[in-house]
Amino acid sequence: MTISVFDHPILSGLLGDEALAQHFSARAEIDAMMRFEAELAMAEAQEGVIPHNAAKEIAALANAFGPEIAGLKAGAARDGVAVPALVAQMRAALPQIARPHLHFGATSQDVIDTGFALRVRDAVSILSQRLAELVKTLKSLETREGQIEVMAHTRMQAAVPVPAARKIRSWHEPLSRGAKRLEVALDGIAVLHFAGAAGTLDKLGDKGDAVAERLAASLNLALPGHPRHSERDGIAAFAAALSQITGSLGKMGQDIALGAQSELGEIELATGGGSSAMPHKKNPVAAEALVTFARFNATLVGGMHQALVHENERSGAAWTLEWMLLPQMIVATGAATLKSAELIDGLTFRPLKT
């Protein structure tokens, strides 16, 4: 057993998703925070809040800066977030004239939450494309094999013969709905978080709204009507959408695993896992993984609803809980889409024996 299976050098072969995991690496997080600082400086310069030459220095540094990671680690242990240490390192690397203008009017949560929104948006783009491909593949399977007669099962008992299309539709239609829910949920999470110390942008005076509009446009993020530092319903809805998708994929995996049982033989898998003791077996490894991902995300989504409870204007406890849970849910969902594609590739139905 290990702390994380998703980036484990061995278990990630079964449970990982490198394409999605890279969006939640330390490097990706730093790059997103650097982008926020660069775009903030430029937006503030355009509104006359800070000098243009200072903004150019900040943007140039942000595009090339490599922070000292040990210092960020120590800063996170001390401050609960790495941003104060990161800003201190950046200030030390800037010309003296530009230092007071870095991170001006912003707070740590602005940087972290907006950086996360940028990374989630990229992750959802990958997930949406994969879901569309899965639905397409399953519809092709329905066209090719849908008229084969198989046995329906209710409450784990044989019921009446039905066309295989009946089963296949119950796999792809929830995925189509899930993809739509994911896009709707993205609207609630791909937003600019920019509110300053306590949600009022007080340091920017009457330029706060204008700077926020420019910053949202440059980052291609939605600008909410007011800051959402302690309003986490959009993030919880996004987590729920992820759990619904993995739940739908888990249902498909469970059906396929049951149909592929030796005693039933309703479904023939193109590939399967071997056994160290029983070489005749073709274990439904990908199908089992889908059930695991469904149960994993269903477990974590409760934690994300716990994280809705942000006390007052900012919570350290609830906020940190999001960092622990949501990246894992995203990568688990991505891994489930990969396993689903692997599972249905070459899958066939066997006609019901009479």
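Throughout, read-outs are computed from the coordinates displayed, never taken from laboratory work. No experiment lies behind these values; they were computed from the predicted model shown. Don't worry about glycine lacking a Cβ; one is built from the backbone with ideal geometry, like all the others, and counts go over all protein chains shown.
Below, the figures for the structure above:
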item	result
Counted charge near GLU149, where neighbours are those whose Cβ lies closer than 13 Å (Asp, Glu -1; Lys, Arg +1)	+2
Relative packing of peptides 62-72, 103-113 - highest average C-beta neighbours within 10 Å first	103-113, 62-72
Global geometry of segment 162-305, whether rounded, prolate or oblate, following the gyration tensor of its Cα atoms and the 1.5 cut on a/c	prolate
Relative pair counts by distance (%), Cα atoms of segment 136-193, 10 Å bins	21, 33, 24, 14, 7, 1
Max mean-square fluctuation residue, GNM over the chain, Cα-Cα springs under 10 Å, options ALA158, ALA257, ALA54	ALA158
Amide H within-cut-off set for ALA152, under 5 Å, with H built and near neighbours excluded	ALA159, VAL160, VAL162
Sparsely packed trypsin sites (Lys or Arg not before Pro) within segment 109-175, loop by DSSP, other Cβ within 10 Å at most 13	ARG155
Gyration tensor (alpha-carbon) shape descriptor, segment 28-71, a/c threshold 1.5	prolate
Long pairs among LYS139/LYS339; LYS167/LYS282; LYS73/LYS207; LYS136/LYS353; LYS282/LYS353; LYS136/LYS180, criterion Cα-Cα beyond 26 Å	LYS73/LYS207; LYS136/LYS353
Segments 302-310, 239-247 sorted - mean Cβ within 10 Å per residue, highest first	239-247, 302-310
Long-range tail of P(r) for the chain (Cα pairs > 39 Å, %)	28 percent
222 nm mean residue ellipticity, helices alone, for the chain (DSSP H n ≥ 4; -39,500 (n - 2.57); rounded to 500)	-20500 deg cm²/dmol
Cα shape, segment 134-241, gyration tensor, a/c 1.5 rule	prolate
Segment 3-101: trypsin sites (Lys or Arg not before Pro) in DSSP coil with no more than 12 other Cβ atoms inside 10 Å	none
